[in-house]
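Reviewing the structure listed below.
The values are calculated or read from the model by the stated rules, or taken from the named source; none is laboratory data. Just so you know, these numbers come straight off a predicted model, no measurement behind them. Quick reminder, even Gly has a Cβ in these numbers, built from the backbone with ideal geometry, and neighbours come from all protein chains shown.
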Amino acid sequence: MKFLSFIANGHASFGAVKDNGVVDVGTRMAPCSTLRQLLEAGRIAEAAKLVASTAPDHRLDAISFAPVIPDPGKIICVGLNYRDHVAETGRTVTEKPALFVRFPCSQVGHLQPIVKPKVSDDFDYEGELALVIGKQGRHIPARGALDHVAGYACYNEGSIRDWQRHTSQFLSGKTFAESGSFGPWLVTADEIPDPSKLTLQTRLNGAVVQNTTTDLLITGIPDLIAYISTICPLDPGDVIVTGTPGGVGLKRTPPLWMRPGDTVEVEISGIGTLRNKVIAEAA
């Protein structure tokens with residue numbers, strides 16, 4: 001099933017895709033008013049039953065998509081997790097995954113504009129597979145880690161490369177306001193039993209710029225969950241963004257940056273396509 005967060009008629013809610021429409025779950029499952037709260041309450045199976053017996057409330061083309069989880073407690077990103085990306089950056093594979101964070105204000109939903117900041121022209125794309133935690137855990141063993149996943153989505157981890165290079169730390173270039181996107185929806189884990197069997201493609205203005213399969217992740221999803229949950233508890237609604245493959249704009253000759261007016265798409269098999277226009281930050 002596909003769950004999403006959205007705005008319709010000025011009201012923020014969450015629901016599920018059905019028959020090219022959206023069933024508004026948020027108005028029917030109080031006190032859960034957000035998808036994160038539904039996951040925290042452990043009521044996703046109950047919501048699926050409700051959707052099966054309920055007609056859509058809105059057409060898909062009549063809503064505004066919000067980030068899949070608009071209010072995550074954590075957005076943990078993994079750097080340098082495909083060998084071709086490690087190679088193009090001139091770095092070496094590390095024994096443990098490289099982690100950094102984004103903040104919720106840095107992401108928008110499907111079909112919403114991503115913003116090129118006025119302080120930089122080095123605005124890069126990074127197509128990635130994101131997972132959403134559905135069950136709390138600490139010190140989660142890799143062998144049972146997928147049981148903690150609620151589902152999967154597409155992520156464009158928009159990066160401001162010159163700011164990223166200000167220091168050895170990534171954060172300054174990775175969490176500019178509305179620079180990334182998350183969507184279009186969460187596909188529940190029962191529909192993707194093996195997340196290592198997916199294909200990922202990023203397109204800029206229709207041209208393929210990244211193309212990979214998720215079995216090429218250096219640190220796979222179970223091991224990422226095990227490692228991160230050793231550092232801190234993982235809670236329902238937390239997001240892990242698993243890394244980008246080679247082909248980023250920074251390492252092309254000449255560099256290929258996203259510009260206002262461009263359209264960027266991240267498509268993952270079994271999930272769908274996350275699409276955003278690029279706009280300039282207001283003066």
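How many residues does segment 58-91 contain that are assigned to a loop (DSSP other than H, G, I, E, B) and more than 25 Å from PRO104 (Cβ to Cβ)? Total meeting the criteria: 2. Of the residues making up segment 142-181, those that are more than 17 Å from the chain's Cα centre (by Cα), in a loop (DSSP other than H, G, I, E, B) and of a type outside the set (Val, Ile, Thr) number 5. Of all the criteria given as (1) in the same structural domain as GLU157 (by TED's automatic domain parsing); (2) within 23 Å of VAL239 (Cβ to Cβ); (3) surrounded by 14 or more Cβ atoms within 10 Å (Cβ to Cβ), the one not satisfied by GLU88 is (2).
Evaluated against (1) surrounded by fewer than 23 Cβ atoms within 10 Å (Cβ to Cβ); (2) at pLDDT 95 or above; (3) more than 27 Å from PRO222 (Cβ to Cβ), SER179 falls short on exactly one condition, (1).
Looking across segment 200-230, just one residue is within 18 Å of the chain's Cα centre (by Cα), assigned to a loop (DSSP other than H, G, I, E, B) and not hydroxyl-bearing (Ser, Thr, Tyr), and that is GLY220.
I'd like to know if segment 13-36 contains one or more residues that are part of a helix (DSSP H, G or I) and outside the structural domain of VAL132 (by TED's automatic domain parsing). Checked segment 13-36: at least one residue is part of a helix (DSSP H, G or I) and outside the structural domain of VAL132 (by TED's automatic domain parsing).
If you go through segment 37-57 and pick out every residue that is aliphatic (A, V, I, L, M), surrounded by fewer than 18 Cβ atoms within 10 Å (Cβ to Cβ) and assigned to a helix (DSSP H, G or I), you end up with 5. Hey, could you check segment 99-119 for residues that are assigned to a loop (DSSP other than H, G, I, E, B) and among the aliphatic types (A, V, I, L, M) and say which is farthest from the chain's Cα centre (by Cα)? Once the filter is applied, the top-ranked residue is VAL119.
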